[in-house]
């Protein structure tokens, strides 16, 4: 039985979609979540800067919280490249990119898939490269669309206003024109906007959450290994924010649920 926690991080609140799925699927696991709200959004930042942030947070999760595994619950951080992280630490790292793509490949019947994400994620080409490496990926027609503004709405707690719908109509127009049958939500913030995205795309289009699929892969990777905490009772949850902790607690409870009680402050490096 391994009592060490699973470390999870995101630029802000988006990774709470991963945390929610993890709590539901693996209620016995201890969890430490860092939301880097003091430096969000990651999407418009240079990828080398995002990579540095990811290294700082991963180091904190391992050195201060003894994380046994780290989930990069931020598509932009994952797209910035995890090779450096994986080379410098000795715990497993799980990304949100590959699990979501595998689920989208299973869901599509037409072979026309869209990935929507931040400017940084889409511009990095990470999804295009990952798709080519997957069985059947070369046969897929992939449409990628950046959706600037989505993250900012979620971080303000606005997930269903008329303004969000109008923005979604404009940003998703090229995705509708591509006649896709599957849309991968390539940002962990986007499941909070799933109803609006579905209304714009049409009910016949399947939405795939990289957050949910990452939690499923996490459970599979722990099952039958010495990393799991099976049968040990409910896990503990630690919440950390580099921004205003009262705002994190208020919006976090709105977006995730009552599991977010006390929030610890972190003075993130410059």
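What the table below lists for this structure:
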quantity: Check on residue 3, modelled with pLDDT under 95, outside any loop (DSSP other than H, G, I, E, B) and out of contact with any helix residue (DSSP H, G or I) (no Cβ under 7 Å at 6 or more places or on another chain); calculated: no
quantity: Elements of type helices (runs of 4 or more DSSP H) in the range 148-207, at least 3 residues being more than 22 Å from the chain's Cα centre (by Cα), modelled with pLDDT of 95 or more and over 19 Å from residue 106 (Cα atoms); calculated: 162-171, 173-177
quantity: Residue match in the range 232-244 (condition: assigned to a helix (DSSP H, G or I) and surrounded by fewer than 19 Cβ atoms within 10 Å (Cβ to Cβ)); calculated: no
quantity: Residue list for the range 111-123, filter: over 16 Å from residue 78 (Cα atoms) and either surrounded by 18 or more Cβ atoms within 10 Å (Cβ to Cβ) or at pLDDT below 95 (or both); calculated: 113, 114
quantity: Yes/no for residue 126 being touching a residue at least 60 places away in the same chain (Cβ under 8 Å), surrounded by 15 or more Cβ atoms within 10 Å (Cβ to Cβ), under 29 Å from residue 219 (Cα atoms) and not assigned by TED's automatic domain parsing to the domain that holds residue 10; calculated: no
quantity: Residues that are touching a strand residue (DSSP E or B) at 6+ places or on another chain (Cβ under 9 Å) and at positive phi, drawn from the range 185-203; calculated: none
quantity: Cβ-Cβ under 6 Å pairs, at least 6 apart or on other chains, the range 23-38 side farther than 20 Å from residue 245 by Cβ, far side at pLDDT 95 or above and surrounded by 23 or more Cβ atoms within 10 Å (Cβ to Cβ); calculated: 29/6
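The values are calculated or read from the model by the stated rules, or taken from the named source; none is laboratory data. The shown structure was predicted, so the numbers you read here are calculated from the model rather than taken from an experiment. Neighbour counts are summed over all protein chains in view; Cβ atoms, including those assigned to glycine, are modelled from backbone coordinates with ideal geometry.
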